[in-house]
Amino acid sequence: MKLIQHLISSFNYAVNGIIYVLKHEKNMKIHFIISIIVLIFGLLLNLNKFELLILFITIALVFFAEMINTAIEELSDLVCQKYNTKVKIIKDISAGAVLVTALNAIVIGYIIFFQNIRPLTLDLLYQIQQTPIHLTFISLILIILVVIGVKSYFNKGTPLQGGMPSGHSAIAFGLMIIISNLANDALITTLSLWMALLIAQSRIEGEIHTPWEVISGAIIGSLIGILIFQLVSL
């Protein structure tokens with residue numbers, strides 16, 4: 001019975017460690033979100049078991065390196081609270097280990113996904129070539145003008161940063177609508193939506209915008225993108 005309780009306690013401590021890193025380390029949050037996107041992407045592309053296994057191992061290595069890096073940083077700050085050259089070197093080395101695993105993950109992702117993405121990419125490029133370039137250009141210009149106009153009305157933040165609404169969010173979701181209409185493919189639409197959500201999330205996490213400002217930007221960008229393509233299709 002004591003053995004089981006000990007195992008449960010150990011498991012809880014381990015989970016608490018994972019939760020701590022996710023809550024306090026920005027890079028870990030980024031790794032986590034990207035990992036979810038990669039796994040969803042892998043399932044949508046029907047990767048085989050071996051390819052999925054490689055992805056899981058690669059993701060686990062990145063998480064492991066990031067957690068070890070965090071542990072080293074926390075321990076270093078606890079032991080030495082003043083600036084120390086040796087401590088800096090230790091932190092740099094542990095951060096370098098994370099970079100190595102991240103670069104390795106990029107290479108592995110490229111190798112696994114390239115053959116699956118290439119036909120979709122070529123199709124998207126063909127669609128863009130067949131679509132008047134001014135359509136995308138006009139959409140982006142309209143989004144920027146509307147965002148600047150709304151920001152001027154609320155008189156908060158600057159035209160390029162902060163305030164109501166989020167310009168980054170508006171452009172990201174506007175591009176998502178444009179890409180979705182050009183590609184006409186569920187997978188590409190999903191990926192572009194994920195990218196738009198990541199950009200929106202980064203504006204909130206960086207405390208540059210409130211959630212409502214980001215949502216407002218997303219609505220403005222999406223509506224303008226939809227409006228432009230609806231007018232063209234008439």
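Laboratory data are not the source of any read-out in this text; all were calculated from the coordinates shown. Please read all numbers here as calculations on a predicted model, not as lab measurements. For neighbour counting, all protein chains shown are included, and Cβ atoms are generated from backbone atoms with ideal geometry for every residue, glycine included.
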key: Computed E for Lys86/Lys49 - FRET, C-beta separation, R0 35 angstrom, nearest 0.05   = 0.15
remark   = Listing Trp212, Trp194 by rising number of other beta-carbon atoms within 10 angstrom, fewest first, gives Trp212, Trp194
ask   = Using θ = phi - 60° and the Karplus form 6.51 cos²θ - 1.76 cosθ + 1.60, what ³J(HN,Hα) does each residue of segment 36-51 get, whole Hz, x for Gly and Pro?
value = 4, 4, 4, 5, 5, 4, x, 5, 5, 8, 6, 5, 6, 4, 5, 5
task = Treat the count of other C-beta atoms within 10 Å as a stand-in for reagent exposure and order Val107, Val87, Val214 from fewest to most.
result = Val107, Val87, Val214
Inter-site label distance for Tyr20 and Asn104 at 7 Å from Cα along Cβ, in nm = 2.5 nm
task = State whether segment 1-116 is rounded, prolate or oblate according to the following rule on the C-alpha gyration tensor (a ≥ b ≥ c being the square roots of its eigenvalues): a/c under 1.5 gives rounded; otherwise a/b larger than b/c gives prolate, and the remaining case gives oblate.
result = oblate
task = Filter the cross-link list Lys29/Lys86; Lys2/Lys91; Lys29/Lys49; Lys26/Lys86; Lys49/Lys91 down to pairs whose alpha-carbon distance in this structure exceeds 30 Å.
result = Lys2/Lys91; Lys49/Lys91
